Amino acid sequence: MSGVWRRLDGAAASVDVTVDGRAVKAFADETVATLLLRLGLDHFGPHPKGDAALAPYCLMGTCFGCLCTIDDRPGSQACLEPVIDGLEIVTGDGAPSAEASA
Amino acid sequence: MTRREVRDAVVVGAGPAGLAATAVLAAQGLSVRLIDEQSAVGGQVWRGVITRPADAPPLSGAAEARRAHAAAAASRRAGVDHAAGASVIDARRSGIDGPDGAIEMTWLAARDAGGRVMHDTRARALVIATGAMERPVLFPGATLPGVMGVGAVQSAMKRGGLVPDGPGVVLAGHGPLLQLTLSQLRRLGTAVEAVLDLAPDVSVPGERAALASDLARALRADPALLARGATLLAAGRRTRRYRCVHELRAHGERAIERISFVATGVRRELPCRLLAVHDGVVPNVQITRLLRLEHRWQDGQQAFVPVTDAAGRVSELPIWVAGDGGGIAGAPLATLRGRLAGLDLVRALRGVGASTASASDTVPELDACERRLHRAIDRRLPARRFVDRVYPALPIDRHATPDTIVCRCEAVTLGAIDAAIAAGALGANRVKTFTRCGMGACQGRLCANALTRIVADRLGVAPDAAGALRVRPPLVPTLIGDYLAGDRAVGEPLAGSGHADTGTSPVARGVA
């Protein structure tokens, strides 16, 4: 997937997180949402209604289109979550469904 | 464990208004709990000013950055309890209505503040400074990944240091924020493919004359602001622009790939990877609605605005609304409105059960602030009126088809809403019951404004009569475990608490 977003400055990415089990370096001033966008994801999970994608729209805490699982907490708003060392991010597409884990 | 605390005042929102109010309250010796959902102070307008790396290209002028840092420092110095990254779950008025009433806030602390722990704060007064959000724009394909608000582009730039990279970056809509974003992207080396002006051509007789006289008044009142606007518009002329666009559509299999639209009678198609749309901003009324405060529809802003007095106070209640959340007026006025709300709050609290001597201490400062605010309003309001007239809200269904999604969370279409209205849903809340519009994760934040306008339009009634979605706790999706982890039993209300309209416990309603 070719990303639409590019990072402006050349600061070193110094924060260690995992995205769907993969180790990723993040920038200290990023949120989980801008991290995922930078990695080329344009949505972070399936829409709860039907087979469309649930897509981030506002990036300011209003639309709830950026929900994903962060540190085992489902329904976390990625746009409000600063990256911190050790954060485990699971996007909806990578996460086992409720049925599968039951 | 639910942590309980008692404070003199709670301030919700750490943008210009919330920070200004907080600084006043703390300087007057009040204990303040500042709750903000962002991980750093600044709100939307000053977002990232504090957190961006020093070597990142500046997005705002040096003066603006200085103001942001000064506001943040003022609230830090005062030793305020700042809950950053916290979500307000519930707000309740407790006790009797009136100045002696108290406020109870339930909120979840941030993950990096020791875990998402539930807190209850009881306070004598509340300042709501929750700012603005973008007015919804409805068109087919708007829910595809790659369609975002212009505000999202702003947010990604300010917090995350990201810019969209061409090709296929298109802006659609109108307004000062769109022009600002266009000029910033250009400066940062992103080629914007095209700007689509989504508004109809308003060559109504008399409109031109009214516009000219508004412009003259705005020029006299705030020439600097208009000069900045003119510079932005001139810079934006270098980008291809389509006017009076209608039938905007976003197309793509699983994400946006292209857009189509009609301009000057010709149907066109453009490849597109990011479509950023904008139709101005409206107050975020989620908490004022939750508290069942009175709101009135403002035609100029096409939005509900909470009813307050000149200082931002809600009738006789210990509640103040400051900044754009109390009606859109912009960041410079938000600082003054926050300050005024803070001073008025201090005066009100000191007037209750305190000596009148201490109450009168703040009166001269309050009066001076009131005078300054009114002068600033007099100076800036003509420019705001002119901007509102140049960029009136788009007719809500201008680009919508029956298949167009109005409620993104529950995937409710305009057609489904029209069917509900035809079946007798004679108000926004009836449509909600029929269709689940506004009942998803965002709790109607994004669609409430659109739904009111659709219902008013279809029924031919005033938006006040069409009504607004009722807001209920929890304000954000909350895990049962967050409540169960509390130190009170499920179903047990806080002493003396309860919503005026139901009287049931927040816990029971949160779980239901």
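Tabulated values for the structure
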read-out	value
Any hit, segment B:148-157, residues being buried (at least 22 other Cβ atoms within 10 Å of the Cβ), outside the structural domain of B:GLY325 (by TED's automatic domain parsing) and either assigned to a loop (DSSP other than H, G, I, E, B) or over 18 Å from the mean Cα position of the chain (by Cα) (or both)	yes
Members of segment B:124-140 found to be outside any strand (DSSP E or B) and within 11 Å of chain A (Cβ to nearest Cβ), listed by number	B:THR130, B:GLY131, B:PRO136, B:VAL137
Selection status of B:GLY141, buried (at least 20 other Cβ atoms within 10 Å of the Cβ), on the phi > 0 side of the Ramachandran plot and not aromatic (Phe, Trp, Tyr)	yes
When residues of segment A:22-37 are limited to those that are farther than 17 Å from A:TYR57 by Cα and in a strand (DSSP E or B), the one nearest to the other protein chains (Cβ to nearest Cβ)	A:ALA26
Members of segment B:158-174 that are within 9 Å of chain A (Cβ to nearest Cβ) and in a helix (DSSP H, G or I)	none
Residue match in segment B:183-196 (condition: under 17 Å from A:GLY61 (Cβ atoms), more than 8 Å from every other protein chain (Cβ to nearest Cβ) and not small (Gly, Ala, Ser))	no
Pairs where the first residue, in segment B:478-491, is outside the structural domain of B:ARG111 (by TED's automatic domain parsing) and the second is of a type outside the set (Gly, Ala, Ser) and at pLDDT below 50, C-beta under 7 Å, 6+ apart	B:ILE480/B:VAL511; B:TYR483/B:VAL490; B:TYR483/B:VAL507; B:TYR483/B:VAL511; B:LEU484/B:VAL490; B:VAL490/B:VAL507; B:VAL490/B:VAL511; B:GLY491/B:VAL507
Which listed residue is of a type in the set (A, V, I, L, M, F, W, C), out of contact with any Asp or Glu (no Cβ under 6 Å at 6 or more places or on another chain) and without any contact (Cβ under 8 Å) to a residue 24 or more places away in the chain, from B:ALA123, B:ALA129, B:ALA156	B:ALA156
Unmet requirement for B:ARG292, which otherwise passes all of (1) of a type in the set (Lys, Arg); (2) in the same structural domain as B:ALA125 (by TED's automatic domain parsing); (3) over 20 Å from the mean Cα position of the chain (by Cα)	(3)
Per-region count, segment B:422-471, residues within 20 Å of B:LEU293 (Cβ to Cβ), assigned to a loop (DSSP other than H, G, I, E, B) and either modelled with pLDDT under 95 or among the hydroxyl-bearing types (Ser, Thr, Tyr) (or both)	1
Complete set of residues in segment B:186-220 that are modelled with pLDDT under 90, not in a helix (DSSP H, G or I) and not acidic (Asp, Glu)	B:ALA199, B:PRO200, B:VAL202, B:SER203, B:VAL204, B:PRO205, B:GLY206
Within segment B:251-280, considering residues that are among the aliphatic types (A, V, I, L, M) and away from every other protein chain (no Cβ under 11 Å), the one surrounded by the most Cβ atoms within 10 Å (Cβ to Cβ)	B:ILE259
Filter result (more than 8 Å from chain B (Cβ to nearest Cβ) and surrounded by fewer than 24 Cβ atoms within 10 Å (Cβ to Cβ)) within segment A:56-73	A:THR69, A:ASP72
Residue check, B:THR478 within 14 Å of chain A (Cβ to nearest Cβ) and among the β-branched types (Val, Ile, Thr)	yes
Out of B:ALA9, B:ALA91, B:ALA70, B:ALA26, sole residue that is outside any strand (DSSP E or B), in contact (Cβ under 8 Å) with a residue 12 or more places away in the chain and away from every other protein chain (no Cβ under 14 Å)	B:ALA26
Meets criteria (closer than 19 Å to B:ALA123 by Cα, touching a residue at least 12 places away in the same chain (Cβ under 8 Å), surrounded by fewer than 21 Cβ atoms within 10 Å (Cβ to Cβ) and touching a His at 6+ places or on another chain (Cβ under 8 Å)) for B:ARG292	yes
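The values are calculated or read from the model by the stated rules, or taken from the named source; none is laboratory data. From a predicted model like this one, the values you see are computed outputs, not experimental measurements. A quick note on method: Cβ atoms are made from the backbone with ideal geometry, for glycine too, and the neighbour counts reach across all protein chains shown.
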